[in-house]
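Remarks on the structure that follows.
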Amino acid sequence: MPRGRRGAARIAMAAALGALRGLLAAAGPAPRNARPRWCLSPPGTRLFRQSCRRPAGPRSSPEPGRGGLPEGVEYIPTRKKGKNPMKPVGVAWYSLYTRTRLGYLFYQRQVRKARERYPHGHSVSQPCCFPGVKILPIPVLSNNYSYLVIDTSSGRAAAIDPSDPLAVQAAIEKEGVTLEAIFCTHKHWDHSGGNAELCQQHSSCKVYGSALDSIPDLTSPLTDREKVSVGCLTFQALATPGHTVGHMVYVLDGEPFGGPPCLFSGDLLFLSGCGRLFEGSAETMLASLDLAMGLGEDTLLWPGHEYALECLTFASFLELDNPALDQKWQWVMQQRQEKRITCPSTLGEEQTYNPFLRTHRPELHAVLGLQQGAGEHPDAFRARVLKEVRRRKDLYKAP
């Protein structure tokens with residue numbers, strides 16, 4: 001790396017460390033039952049000396065073609081030259097958030113502030129019921145969703161991304177069910193931070209997820225296409241790297257209860273949006289989105305965040321004349337004015353207004369000023385389109 005760029009990266013890292021040291025001091029000592037993962041231990045640095053037990057199961061391997069990545073999907077390390085979409089300060093912050101105790105403390109602060117600001121959750125939730133199954137969205141943090149999926153015949157339940165354990169436990173007690181499984185889409189604390197506390201309260205509960213992502217308290221690593229049963233409910237894990245290298249989504253089979261499939265998408269796919277490319281390329285994310293879209297148009301989308309209004313507003317700048325987008329925006333605006341949740345949508349709906357799923361549309365190409373090159377493979381061109389849409393979304397500032 002040139003000396004100037006190396007110096008800039010060091011300055012950015014120092015700035016991020018300085019800010020987070022203040023956070024550490026304000027947060028005080030972590031509770032005794034907190035067990036953050038991926039702590040770094042530089043010699044002579046007290047801050048990182050806390051021991052960190054890695055999740056149960058096989059060690060993760062970041063090498064392409066190993067560790068359960070779908071065929072044809074390439075793992076792009078976060079720090080690989082020329083592939084990282086983040087600026088140096090972003091790299092510094094992301095590394096600290098995902099690999100050190102400071103990230104866990106930042107997550108704790110997020111939880112504490114959200115509980116103070118939204119004592120009843122950031123949105124008004126409403127359960128979705130089919131014969132034999134109940135899906136309960138749980139608004140957590142400032143815009144996350146956890147989910148409690150219940151087999152009503154047996155009273156067994158699974159939690160998806162339980163980031164605030166108190167909120168999830170309150171739902172479990174209110175519903176009077178037994179927590180049998182936690183399905184974690186990826187390692188980020190705002191999706192995995194409640195695993196440890198819930199496992200302490202429910203000793204028979206298993207934590208499922210990808211071994212590639214160092215998920216806290218992982219007990220049962222899953223591979224692509226593997227299925228897990230919770231009571232009469234069947235979930236299938238799909239490897240969808242891009243946001244993180246080990247990101248997984250979970251599909252609830254709807255056939256036994258006469259309903260549609262249900263996709264719990266974490267940070268892969270939102271209503272009119274998709275996750276940031278922290279640990280993957282546009283090609284990787286495109287392959288993951290295409291995999292999800294293969295589930296069928298009637299599939300219900302249950303995303304990991306309430307980003308609908310922001311994402312639809314951004315999409316409206318790309319497609320000025322899209323009736324489906326306008327209609328959805330009006331509906332979402334009304335929902336959010338009343339603080340109501342906007343999920344689920346369907347994958348069929350998403351194809352009509354989500355720009356990250358419309359990379360094949362000529363009208364989007366025209367707005368972006370992109371043309372397919374002579375001899376360029378259609379998927380390679382679509383990946384370029386996706387990359388440009390993602391770049392513009394990263395720069396977008398909501399009004």
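Values quoted throughout were computed directly from the atomic coordinates according to the rules given, and no laboratory measurement underlies them. These figures come from a predicted structure and were not determined experimentally. Using ideal geometry, Cβ is built from the backbone for each residue, glycine included, and neighbour counts are taken over all protein chains shown.
Values computed for the structure shown
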{"read-out": "Cα-based Kirkwood hydrodynamic radius, the range 228-363, one decimal, Å", "value": "15.4"}
{"read-out": "Spin-label pair D253/R225, simplified geometry with 7 Å Cα→Cβ offset, distance in nm", "value": "1.5"}
{"read-out": "DSSP bridge orientation in the range 192-311 - percent antiparallel, rounded to nearest 5", "value": "70"}
{"read-out": "Alpha-carbon Rg with Dmax, taken over the range 128-395, Å", "value": "18.4, 61"}
{"read-out": "Sequence ranges 91-98, 312-319, 263-270, ranked by mean other-Cβ count within 10 angstrom, highest first", "value": "263-270, 91-98, 312-319"}
{"read-out": "For the range 296-396, with +1 on Lys and Arg beta carbons and -1 on Asp and Glu, the positive-most of P344, N322, H365 along the dipole", "value": "H365"}
{"read-out": "The range 98-147-the range 193-226 distance, computed between alpha-carbon centres (Å)", "value": "18"}
{"read-out": "FRET efficiency for Q330 and A366, using Cβ-Cβ distance with R0 set to 25 Å, rounded to 0.05", "value": "0.50"}
{"read-out": "In the range 322-393, the trypsin sites (Lys or Arg not before Pro) that fall in loop regions by DSSP, at most 12 other Cβ within 10 Å", "value": "none"}
{"read-out": "Protection proxy ranking, peptides 178-187, 216-225, 372-381, average beta carbon neighbours within 10 Å, highest first", "value": "178-187, 216-225, 372-381"}
{"read-out": "The range 171-213: Rg to Rh, with Rh as the Kirkwood radius over Cα pairs", "value": "0.99"}
{"read-out": "Net lengthening on full extension, T352/F130 (0.36 nm per residue, minus Cα-Cα)", "value": "77.3 nm"}
